[in-house]
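First the structure, in the form of structure tokens, and then the observations on it.
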Amino acid sequence: MDRMSWLSKLNPRATAGHRPSRGPGLQSPVAADPETCLMVFKNHWAQVLRILEPRGAGPGSADDQSAVRNHTHQLLQLLAEERARAGGAPGPILDFVLAEDLLERLLRWHVAGDFGEERRAEQLKLYEVLLGQARQPLLRHAPVLRPLLRLLGLCAAAPAAPALQASLVLLLSQLCVCVAREPGLLERFFYRPPGPGPGSGADSSSGPADLLLFSLLVPFVHHEGVTGQQARDALLLIMAMSAGNCTVASYITDHSYFCPVLATGLSALYSSLPRKIEVRGDDWHFLRREDWAGVASLALFMNSLEFCSAVIQVAHPLVQQQLVDYVHNGFLVPVMGPALHKTSVEEMIASTAYLELFVRSVAEPALLRAFLRFILLHRHDGATILDTLVARLGTNSRLCMVSLSLFRTLLSLNCEDVMLQLVLRYLIPCSHVMLSQRRAVKDLDLYGRSAAKFLSLIPRCCHPESLPPPDRDEEHATWAKGHGSPSVDTSSVVTVPKPATPSRLSFFMRQQSASGAEGLGAVPRSPGLASPASSPGHRPPRWEEVAELDGNYLEYLRDARLSVDRCAWACRVWSAPYDGERPGPDSLAPTPAPALPISPDHFGHGPPTPRTKKRGLPEEAGGSSAGPGDSRPLPAPDAQDPGALVNGAPESGRPGGGAEGAVTVKKVRRCPQAEREALPTENGAPQPPAPGWEGPSVDSLLDELLARAPAEPNGAGLSIESFSEELQELEAAMRNGGGGPPRAQLPPPHAEEDEAEDEDEAFAAPPRPADPLAQVLASPPRALGPPPSQPFTGPFVAVLFSKLENMLHNSLYVNVLLTGLVAQLACYPQPLLRSFLLNANMVFQPSVKSLLQVLGSVKNKIESFAASQDDFPALLLKAKKYLIARGKLDWGDTPNAAPALRRSDTLVKSRKPSLGELLLRHTQSPTRARAAAQLALQQVREGPVLQALAGAGLFRGAAEKQGEALRVKNAVYCAVVFTEFLKELAAIAQAHAVTSPFLLEPPEE
Amino acid sequence: MSTSSARKRPEAEEKTLTGELRTSPPRTSTKKQLPSIPKNTVPVTKPASPAPSSQSTNGTHASYGPFYLEYSLLAEFTLVVKQKLPGVYVQPSYRSALMWFGVIFIRHGLYQDGVFKFTVYIPDNYPDGDCPRLVFDLPVFHPLVDPLSGELDVKRAFAKWRRNHNHIWQVLMYARRVFYKIDTTSPLNPEAAVLYEKDIQLFKSKVVDSVKLCSSHLFDQPKIEDPYAITFSPWNPAIHDEAREKMLTQKKKSEDQHCKSMHVSGLSWVKPGSVQPFSKEEKTMPT
């Protein structure tokens, strides 16, 4: 009791209001003159001495302790109140303290006794108050510093009890503040524990001295709450001091565990992150701040990451370097690498989203470098992380969306190294253009030819002229009534989850934007030139609601101007202009087409098992990861059937449909690709039921699943959620007619698709040789993609293009993200890239597909779709209305709700339902999983699956309708997004011609 | 505007470009394509030049034609800025992107100290039409300048205007060169041509008179009223000293401003001359 109140009085915050007036006969020290104070002080000390002196008396009785405590309190107050003498010399009381070695003797007495928690806390408090309140510098005096160090040394010897931790950290952080004010003191904090000359400073002759101030703080670096924050702040102060102090810096790197603790702390924190991110809303694709702030484990991780970043920012280069290395080798390689390669799609989605968040949040270039180095060069299971991520763009699920987000973030960095690996290295040899055209790489398209070309690709059915007749009732447009996702119904606009809206959609919102005066009507037009939007008179009334889309080209121009200028400005720091001459075409050998890093161990039968080597030394790809000198064996051509499964191309009507069905089931079980394809809402276009499918293997399959549940490899833990999800997908597949999951209509065969498939196969369990189907899965089906001699513009471009070709079938969100990414790419000013994507005058090698060609094929698809769909104009109108409304909703609700972490802030738009609310869970207990599985199994057995099996025909009709609705929905949205995308590309093409030359000048050093 | 501050402009001491020319920092002036409308100025909307782009094959994107024209001109202007022609300054008019105001400072030779204002007229079917016309505000005494209209004979240098090959900066360069290298064949001003051939002294004195005449009209109101017309005013220390100071320190400042307005910096760890990522020494990254 007594002690408690005493302590609370010692606390500076508690004493702030009133002076303690305890203690017999003590006048208020404030009022007293220095002489009197000294006398009083000596008096108290004499009384303390009376207790301290009798040696052998041991720790003294409780009474003794209490008396010493009270006197100490008075001494402390007097000392704290004293001011230095005129010349800065110590005041009389301090002089006395120093001469008497008062603090040391006091500590010695305490230590001699039972130096328990209570007494430690008292001593810590004593120094804390002294440092916090003293009006003259104390630490520079050895008689103050020495006992303090000794006390800290004692704390270091025995780990602080939880109760003491807060006081210890508080004292330490106070010390750090003092030292920061007087950096010269820092080296005096080196302490050699029982050495002959206690506190003799950093004298390197007899082993390393300990910088206690620092090493005591390190264990708290990952703590939650106030203590952790104080510790981190204090450490940052030390880091900042280390910047100018080699001794301290080398102490930190050579004699402390600071860097490894930080880096492995990240690993530990990462392992506690949710393994799957559970979101409703089919538009979710990246983690916003409001998403993760509510998830404690993620917030904790981000805190630590931010701290790492801050340390790297302020610390000495030695520390910086070491920490960066540890983050790379102790977190990214051993933890992030395997996490990105987990076998379940859910986990891949989560880890990709995390990686995106990290890359987006790290502002410190040196740390960002470690992340990028990891992504670009580190090889996991034979493939660089980059290749793996690129391949995942080819998938058809949310995995594709989070991957798109990741690349959006990567592109927004304007990082030469990233662009070099992603695209430029494939363009540098200039083998994609005709020889005669190489010079034209640098040409600017001054007269808008390319823009005209892009605009000419706007499908006829999307021209404003092809409006529906005014009297046409849009209720005829019934694409999703009852079946499709609710988000297509315009009446539900208010309740739909909001999309993160990349640029194309943001154009739908411009009228609501803050610069309200700049609505279309008020756009300052260039005089003398008519704006195409200036005469609204001819529009049928109904279309006025969506007419803003028809007149928004000027907005695209402005936006493009800004983006291109910004990108050009950012790229000034690059090492070369990439204009076809610098670097020269010969600086890189042309990249042969099948440049995909696929090694046999992808398929599980290669010698090195990925899991065993993951903790080994980080592998890194050499710079020329795809170079011809690469010794990776080219996969053998497939003898079986190269095309069939690889691209998921429809194979209805193929003979052997029974086997087909079995394959599908297998895939559902083990192969993430199948899971993706099994999402019926994602991609529409259900597969016509394969004839002759008999479904009875379900039970055995479920049993297999069940048996596997507790012992998921990698300790991944089969979560209840993902398990039941798998089951649901299975169910859905059944309902859809039993012909296997509704296949997405995948793009035509392409090298990159190939790769994607390979990646997917890599996730699958090793095939059992006895299983012919597994062999089908496992044998790498090559034979696709251009022969090696042909020019290749790289897997990234290839996968983007094939995704684009498939636009008609992509979901709205995929298309928005995808076109955004391509537009981002198109903003880069490097002539090689610019000419490849945007210059309509360029002539490419016949085997090289151009963006215009790809878009041309999309145009044709949209037009033929529109021709086949009677109510297309009405549907188009409806889609536009919906998108506009949705866009406005976004802006209206959350004006600047995105607390941007940094540069990609413009991309980070806010979204209402936070992920935190939306439940982030993970289940690790195998028993729980098993129980859940059994329950689910029971339901499945008794429930819809059996029904589906029994009455497949009955359900087939509904499924087909649903699939059809989805197909139509995707296609109509695609028509809208495509049209906007063309305008955007045209505007970007025009903006390149007028980029200010000043922006392109390299910065002056 | 190509008033790059790096360049010395001795003229600035006695004459100052005022108006837009003075207030626009070099960087922003290239963004003039969509100028904000100054207060109290009603834009005279020219009867919309339809400028049907040759690529316009269907109705819809014909409506984008004006953007092509505008951007073509803007691109031309950007090229002018890139060329950094010494002593030549141009600025597109506010009213029409097809009309550019300019001024040439002649720094040596027969026309030394000449300050000639001019206007460039670009045909509205640019770049598929004729070459642009260049008309001096005052008819300079010169064999190739029409003594009545002040028009420079541009056509002789650009008999056929070829898109992608001919650019407006070439016209400006040509306009500058005629004052340094006198050509007398088939002159627009035969008197000047003859004098140059036969009586160089008289020619010189006529030129001096012409230069003086131009200088004496320097402070006149611009011939064409336009917010972006180039006007000169006498040196007024209250205004111009500060402006001059700004111009001389412009380089550094505008750099900073730009950094602020853009505040995006790219990243690169590629060693110059290398094509390998992360080939740069690690320590070179700024912390």
Quiz prompt | Per residue, in Å², the accessible surface of region B:63-217 once ligands and nucleic acids are set aside, probe 1.4 Å | solution = 39
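Using a probe radius of 1.4 Å on protein heavy atoms only, what is the accessible area buried between chains B and A, both sides summed, to the nearest 100 Å²? Walk me through the intermediate numbers first.
On the way: alone 16800 and 39900 Å², together 50320 Å².
When B and A are taken together, about 6400 Å² of accessible area is lost.
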Self-check item: Gain in span if fully extended, A:Ala296 to A:Glu581, counting 0.36 nm per residue against the direct Cα distance
Solution: 97.5 nm
Quiz prompt | Long-range Cα-Cα pairs in region B:63-217 (distance over 18 Å), rounded percent | solution = 58
Quiz item: Give me the Kirkwood hydrodynamic radius of region A:274-376 in Å, from all C-alpha pairs, to one decimal place?
Solution: 14.4
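Quick one: which of A:Lys342/A:Lys803; A:Lys849/A:Lys878; A:Lys878/A:Lys983; B:Lys160/B:Lys212; A:Lys453/A:Lys803 span more than 30 angstrom between C-alpha atoms?
Checking Cα-Cα distances, A:Lys849/A:Lys878; B:Lys160/B:Lys212 exceed 30 Å.
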Self-check item: Efficiency of FRET between A:Asp114 and A:His141 - r from beta-carbon atoms, R0 22 angstrom, step 0.05
Solution: 0.15
Quiz prompt | Hz values of 3J(HN,Hα) by residue in region A:352-363 - Karplus curve (6.51, -1.76, 1.60), Gly and Pro given as x | solution = 5, 5, 5, 4, 4, 4, 5, 4, 5, 8, 6, 9
Quiz item: What percent do you get for the relative contact order of region A:310-423 when only Cα pairs under 8 Å and 6+ apart count?
Solution: 24
Practice problem: Obtain the nm distance between the two label points defined at B:Asp199 and A:Ser271 by a simple spin-label model: each point lies 7 Å from its Cα along the Cα-to-C-beta direction. | Solution: 10.3
Quiz item: Can you pull the percent of region B:63-217's accessible area that's carbon plus sulfur, 1.4 Å probe, other chains left in place?
Solution: 55
Quiz item: Which of rounded, prolate, oblate describes region A:35-171, given a ≥ b ≥ c as roots of the alpha-carbon gyration tensor eigenvalues and a/c under 1.5 marking rounded, otherwise prolate only if a/b is larger than b/c?
Solution: oblate
Quiz prompt | Theoretical gain in end-to-end length, A:Cys246 to A:Ser436 [0.36 nm per residue, Cα-Cα removed] | solution = 62.6 nm
Quiz item: How high is the relative contact order of region A:42-119, in percent, with contacts defined as C-alpha pairs under 8 Å that are six or more residues apart?
Solution: 34
Quiz item: With contacts defined as alpha carbon pairs under 8 Å and 6 or more residues apart, what's the relative contact order of region B:63-217 in percent?
Solution: 21
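The values are calculated or read from the model by the stated rules, or taken from the named source; none is laboratory data. The structure displayed is predicted, hence computed values, not measured ones. Using ideal geometry, Cβ is built from the backbone for each residue, glycine included, and neighbour counts are taken over all protein chains shown. To get the accessible areas, we keep the full protein, side chains included, count just its heavy atoms, and leave off ligands, DNA and RNA. Shrake-Rupley method; radii C 1.70, N 1.55, O 1.52, S 1.80 Å.
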